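The values are calculated or read from the model by the stated rules, or taken from the named source; none is laboratory data. This structure is a prediction, so every number in the text was calculated from the model and none was measured. FYI the Cβ positions are ideal-geometry reconstructions off the backbone, even for glycines, and counts take in every protein chain you see. The protein model used for the area step is the full one, side chains on, heavy atoms only, and it has no ligands, DNA or RNA in it. Shrake-Rupley method; radii C 1.70, N 1.55, O 1.52, S 1.80 Å.
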Amino acid sequence: MNSRLLRNTLAASGVATGQVKNGLALAIGLLVGSANGLLVQRSLALGVGFTAVSLVRLLVLTGLGLGIGLLIGLSQVWLVVGGIAVAQLVLAGFAVREALAR
């Protein structure tokens with residue numbers, strides 16, 4: 001992950017929410033949520049039950065998001081978790097697009 005991408009995500013999130021702290025929370029949520037795509041690829045390579053691994057993976061990402069959100073501030077927790085959710089929707093959209101293209 002390059003620093004320019006992270007900086008641009010933080011800047012866009014800050015502009016969208018109007019506050020730097022809120023922008024940081026949203027950007028972190030987007031970053032944590034986007035890591036799920038990489039984790040999915042790795043879990044598929046393991047060859048274990050996808051459903052069980054998915055549940056654990058999403059619980060870990062949500063717990064991480066809640067923990068980071070609490071470190072930023074109690075009122076920003078929902079932004080971190082919301083960023084994770086938005087990242088999941090984007091990942092799902094791209095997965096559908098890829099499946100339809102094949």
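Does the stretch 76-83 include one or more residues that are assigned to a helix (DSSP H, G or I), touching a helix residue (DSSP H, G or I) at 6+ places or on another chain (Cβ under 7 Å), of a type in the set (A, V, I, L, M, F, W, C) and open to solvent by 30 Å² or more (accessible area, probe 1.4 Å)? Yes, because at least one residue in the stretch 76-83 is assigned to a helix (DSSP H, G or I), touching a helix residue (DSSP H, G or I) at 6+ places or on another chain (Cβ under 7 Å), of a type in the set (A, V, I, L, M, F, W, C) and open to solvent by 30 Å² or more (accessible area, probe 1.4 Å). Quick one: is residue 58 more than 17 Å from residue 22 (Cα to Cα) and surrounded by 10 or more Cβ atoms within 10 Å (Cβ to Cβ)? Judged against the criteria, residue 58 is a match. Summed over the stretch 18-39, residues that are in a helix (DSSP H, G or I) and without any contact (Cβ under 8 Å) to a residue 24 or more places away in the chain total 4.
When 96, 48, 60, 53 are screened for being on the phi < 0 side of the Ramachandran plot, out of contact with any Lys or Arg (no Cβ under 6 Å at 6 or more places or on another chain) and not in a helix (DSSP H, G or I), only 48 passes.
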